[in-house]
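Asker: After the structure tokens below, expect a handful of questions from me.
The values are calculated or read from the model by the stated rules, or taken from the named source; none is laboratory data. The structure presented is a predicted model; accordingly, all values stated were derived computationally and were not measured. In this analysis, Cβ positions are derived from the backbone assuming ideal geometry, glycine residues included, and neighbour counts consider all displayed protein chains. The area values use the complete protein model at the heavy-atom level, side chains included, leaving out ligands, DNA and RNA. Shrake-Rupley method; radii C 1.70, N 1.55, O 1.52, S 1.80 Å.
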Amino acid sequence: MHMIIYPLVEASTADEALSTGKTVFDRLVGAEPHSCAAFDYYVTFDEEETTVAGKARWGDLPTAAPVTSDEGEELLKRAWETTTETFQRNLNRVKQALEERSDDEIMRDEGLARHAFQQVGASRGPSICLYDQHATGIRRRGHLDRLLEETDERETCWIVPADVHF
């Protein structure tokens, strides 16, 4: 399956933002030493050679955009909406499992109950689409707001989309 993930990174230029974003993506696919793969691979939106991922799958998204630009605001809005919708969908599955399943059925993962529990608690992977520049999942609005407020005055906060497979 494919999805778009978006790290928020501090950078002075779009090229620097893309480079920092690729470092985040490398961590998330296990390409760096001591990193644990949350996704199989990624394709950034500057790659033209692929016919099955990136622009070919999702259309023409920016390679990187300042979060204060129109493109950046739209990407951030899309990412946060996906975050909240995914969380709510998984939380509803957890609530339903607790109401409808016995402890033994949950232990046996009937109806994928335990999987839903895991998705609600995940800090990276398919249930998280926003990341900071250290590859930490952004799961709460407070975390997102703090990142947006704490950007160094000399730098700009950029959002860098990538198509990932999991």
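Asker: What's the total number of residues in the range 144-156 that are within 19 Å of Glu81 (Cβ to Cβ) and either part of a loop (DSSP other than H, G, I, E, B) or open to solvent by less than 20 Å² (accessible area, probe 1.4 Å) (or both)?
Answerer: The number of residues fulfilling the criteria is 1.
Asker: Test each condition in (1) free of Cβ contacts under 8 Å to residues at least 24 places away in the same chain; (2) within 17 Å of Thr156 (Cβ to Cβ); (3) of a type in the set (Gly, Ala, Ser) for Ser12 and report the one that comes out false.
Answerer: (1)
Asker: Among the residues in the range 97-104, are any aliphatic (A, V, I, L, M) and within 23 Å of Leu75 (Cα to Cα)?
Answerer: No, the range 97-104 has no match at all.
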